Amino acid sequence: MNIILFGPQGCGKGTQAELIEKKYGLYHLSMGDEMRKEIKSASALGKRISSIVDSGALVPDEITNQLLLNAAKNAKDGVIFDGYPRRDEQLQFLIKNFKIDAAIEIGLSEDESIKRISSRWMCPKCLKNYNTLYLKPKVYRKCDVDSTSLIQRNDDKPVEIKKRLKIYKDQTVPLKKYYQKQCMLYMIDGNQSIEEVFKDIDKVLKKIE
């Protein structure tokens, strides 16, 4: 079973993907995490990605596609595509290489999106994500896994968030037309609690499992 999990920044895709991964055994493929892992590895590809990101440019599809195929090799029972596809060119690559069973949208308002992302922190060592509103670490700004001090990414600031939300609306939202045409689009209310959102997603996955 392969599913696309999408929605505006802060809607909880990562959290829900982890819950799905735990229950269904699907591989959680977060493109953002895959890029950070590659950068941390200091490989030739990682250095190239780092230089592109530092320049403020978008990482080209040839690189994200390569990362996607490499990461998907770890999947045994299917993949949760989190943060991919973001635009039509990526969607065409995805459907060419994978059979997609469902595209699940977690809806959220712009104000709520900004509020949630501004509260997001991550561990620079193990890459575990936290949120001071919903997923607080046991110790203030310390990772539960390795006690490393948490950091806030530069793109988790309000001004940058608004830029990313505009890109999402302009490039990712239009992909819904394809999902609807293929009768694979499922819409979930992201304003609910984490447990309630997962309960609704679980109902969808039980239908297509």
Residue in region 181-192 that is loosely packed, with under 15 Cβ neighbours inside 10 Å, under 22 Å from D54 (Cβ atoms) and of a type in the set (A, V, I, L, M, F, W, C) present
no
What pairs can you find where one residue is in region 57-85 and surrounded by 12 or more Cβ atoms within 10 Å (Cβ to Cβ), the other is in a loop (DSSP other than H, G, I, E, B) and among the β-branched types (V, I, T), and their Cβ atoms are less than 9 Å apart, with a gap of 6+ or different chains?
L67/V59; F81/I100
So Y186 fits all but one of (1) assigned to a helix (DSSP H, G or I); (2) hydroxyl-bearing (S, T, Y); (3) at pLDDT 95 or above; what number is the exception?
(1)
Six or more apart or on different chains, Cβ under 7 Å: which pairs go from a residue in region 170-184 that's in contact (Cβ under 8 Å) with a residue 40 or more places away in the chain and closer than 14 Å to Q90 by Cβ to one that's in a loop (DSSP other than H, G, I, E, B) and of a type outside the set (A, V, I, L, M)? Could you list them?
Q171/R86; Q171/R87; T172/R86; T172/R87; L175/P85
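To keep it simple, each residue is scored yes or no on (1) out of contact with any Leu (no Cβ under 9 Å at 6 or more places or on another chain); (2) polar (S, T, N, Q); (3) loosely packed, with under 13 Cβ neighbours inside 10 Å.
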| position | (1), (2), (3) |
| --- | --- |
| C123 | no, no, no |
| K138 | yes, no, yes |
| D155 | yes, no, no |
| L165 | yes, no, no |
Being part of a helix (DSSP H, G or I) and exposed (fewer than 15 other Cβ atoms within 10 Å of the Cβ) is true for just one of V159, V197, V204. Which residue is that?
V159
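The values are calculated or read from the model by the stated rules, or taken from the named source; none is laboratory data. Keep in mind the model is a prediction, meaning the values are calculated, not measured. Here the Cβ is made from the backbone with ideal geometry for all residues, glycine too, and neighbour counts use every protein chain on show.
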